[in-house]
1. Mind checking the angle between helix 305-318 and the chain's longest principal axis? C-alpha axes, 0 to 90 degrees, to the nearest 10.
2. Can you find, among Gly175, Ser67, Gly85, the residue sitting farthest towards the positive end of the charge dipole of the chain, where Lys and Arg contribute +1 and Asp and Glu -1 at Cβ?
3. Too long at a 19 Å Cα-Cα cut-off: which of Lys60/Lys270; Lys154/Lys256; Lys151/Lys212; Lys154/Lys187?
4. How far, in degrees from 0 to 90, does helix 48-60 lean away from the longest principal axis of the Cα atoms of the chain, to the nearest 10?
5. With +1 on each Lys and Arg Cβ and -1 on each Asp and Glu Cβ, and nothing else charged, work out how big the dipole of the stretch 46-143 is about its Cα centre, in Debye to the nearest 20.
6. Bins of 5 Å, beginning at zero and ending with the bin holding the largest distance: percent of Cα pairs per bin for the stretch 148-232, please.
7. Need one number: % antiparallel among DSSP beta bridges in the chain, to the nearest 5.
8. Once the Cα gyration tensor of the chain is diagonalised, what are the square roots of 5 times its eigenvalues, in whole Å and ordered largest first, as equivalent ellipsoid semi-axes?
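Nothing in this text is a laboratory measurement; each read-out follows from the coordinates by a stated rule. No experiment lies behind these values; they were computed from the predicted model shown. Cβ placement follows ideal geometry from the backbone for every residue including glycine, while neighbour counts extend to all protein chains displayed.
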Amino acid sequence: MIRQRILFGSLAALLLAAGCTVSTQEEAQQSGGASTPGIRIDGSSTVAPLSSAISQQFVKSHSDLRSPVVNISGSSGGFQKFSNGEIDISDASRPIKQKEIDACAEAGIEPVELRVAIDGLSVVVNKDNDWCKSLTVAQLTALWSEGSTIKTWKDLNPEWPDNEIKLFGPDDKSGTYDYFREEIIGKDGNFRADYSPNSDDNVLVTGIAGDKYAIGYFGYSYMVENKDKISAVAISNTDNPEDGVLPSQETIEQGKYTPLARPLFIYVAKKSLQNRTDIRDFCEYYLSDEAQEVVKQMQFISLNAEQLQESREALSSALGE
């Protein structure tokens with residue numbers, strides 16, 4: 001289920017509760033829509049709400065085109081479909097891996113990486129949790145790593161309740177899972193097995209909101225959207241929890257929220273950019289000033305001028321301009 005927002009007057013009315021724009025070509029033709037096949041987008045559950053919002057704004061100025069179809073299968077699932085030629089654009093909350101680049105190469109696909117926004121993974125607890133206000137990276141590592149002996153909140157801090165910790169997090173198809181593992185556990189490390197994984201961030205929100213002793217993590221925008229149900233935990237990159245920094249537009253944008261701030265991407269095939277004007281126009285719109293306003297409205301962090309210029313230059317280069 002994707003959050004509904006009023007973006008520039010009427011955007012939210014077109015975002016479905018399932019989290020994506022799911023019209024089919026037959027439905028478009030029956031309703032009088034354009035018959036040109038739509039742009040197919042899949043991948044990250046974090047980026048999907050943004051791609052849905054951008055898509056709805058895009059078709060307002062391209063009424064001859066069908067609205068892009070946005071689905072969710074996680075960053076890894078999106079890259080798999082992308083390398084198989086099943087989709088046109090892959091949403092990703094992590095950079096593409098070498099094995100995924102190799103799979104694309106075998107299929108004759110040259111992926112073009114476009115950074116589109118910034119996100120901050122948010123560690124969150126139940127609204128009734130009045131003890132865990134800040135955690136160090138070391139505590140997170142000890143809590144989430146394979147073989148962890150931490151079972152109760154008291155194990156994490158002697159002054160905290162002697163109640164079992166319930167852990168919630170993305171599953172292993174998620175780019176959020178990969179990023180958290182790399183930054184908190186280490187590239188070669190593994191998560192503990194006794195946590196509740198799910199590819200749907202809204203399910204994670206529900207789980208944490210429903211258990212006083214729960215803790216979990218997901219993208220910043222989901223935390224903001226559900227701040228009436230859950231609370232963010234400040235993260236300290238030192239050994240002192242009092243140095244903890246809460247995720248916010250300001251702390252993420254200014255680089256103060258470390259190490260859990262991360263870039264978000266879309267990937268598109270170079271050949272598609274050069275051969276399909278709808279895909280080219282959509283990617284150009286995604287990097288427009290207007291679209292960066294949508295990024296802000298959707299509670300992500302917009303790219304700064306230098307980052308935006310880098311993405312625009314990557315797009316121009318792929319187009320041979």
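1. 40
2. Ser67
3. Lys60/Lys270; Lys154/Lys256; Lys154/Lys187
4. Taking the Cα atoms of the chain, the angle to 48-60 is about 30 degrees.
5. It works out to roughly 280 debye.
6. Here the calculated profile for the stretch 148-232 is 3, 14, 23, 23, 21, 13, 3, 0.
7. Once the DSSP bridges in the chain are tallied, antiparallel ones form about 65 percent.
8. 36, 20, 18
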